[in-house]
């Protein structure tokens, strides 16, 4: 009879399929190339994002400080990457990575990943659909952030981007009394695949048409 005392059982479930798709896209490598990786980092930004996706697809909803607990019974190194342990995925690490993603530009990063997906799975660009959704909000929503300047070791100074402005404007919801923001995306009709995802503001119907035209031109040019 074999000795099972030293056998450790870890779960993979459906997350193994998701992790495989993420790897085939090259998502971890794309994010690490854009964000960068420090030599002393125990877990890279790309692996943190991969862990966030797996957590989000795990059908759970919990605060960030409980994030490591989700992976306690999972095959963490097999799903995320070699050397990655649950305790490395704490809320401080997640917060720092999200700050870096915001500074680098989420729209640009999303598009870079989309291009990789299209190449990997040979998705046609013959037919696309541009759509937008307005989201109205209740409250003040003062989103002005202080100017933050990051100084690179090379001496280059980088100004952190500001969040989108949540403000009044042309309302398709017929609620001009409420502040709002807009979500725009371009999807490929046949594949139901989102290629460009962007948040913005509308201040008038003419401004909306201008923004949409610019988005289409940028999409076609790429």
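The values are calculated or read from the model by the stated rules, or taken from the named source; none is laboratory data. Quantities reported herein were computed from a predicted structural model and do not represent experimental measurements. Every residue, glycine among them, receives a Cβ derived from its backbone with ideal geometry; neighbour counts consider all protein chains shown.
The residue of the range 102-115 that is nearest to residue 75 (Cα to Cα), among those that are in a helix (DSSP H, G or I) and out of contact with any strand residue (DSSP E or B) (no Cβ under 8 Å at 6 or more places or on another chain), is 113. Condition check for residue 46 on (1) touching a strand residue (DSSP E or B) at 6+ places or on another chain (Cβ under 6 Å); (2) free of Cβ contacts under 8 Å to residues at least 40 places away in the same chain: one failure, at (1).
Checked against the criteria, residue 118 does not count as under 24 Å from residue 181 (Cα atoms) and either part of a helix (DSSP H, G or I) or not assigned by TED's automatic domain parsing to the domain that holds residue 34 (or both).
Across the range 97-106, not a single residue is classified as within 26 Å of residue 117 (Cβ to Cβ) and over 18 Å from the mean Cα position of the chain (by Cα). Among the residues making up the range 48-83, those that are assigned to a helix (DSSP H, G or I), at pLDDT below 90 and crowded, with 17+ Cβ neighbours inside 10 Å are 55, 67, 68, 70, 76. Out of curiosity, is residue 148 closer than 26 Å to residue 45 by Cα, surrounded by 15 or more Cβ atoms within 10 Å (Cβ to Cβ) and at pLDDT 60 or above? So residue 148 fails the test. Of all residues in the range 84-101, how many are free of Cβ contacts under 8 Å to residues at least 60 places away in the same chain, surrounded by 15 or more Cβ atoms within 10 Å (Cβ to Cβ) and part of a helix (DSSP H, G or I)? Total satisfying the criteria: 5.
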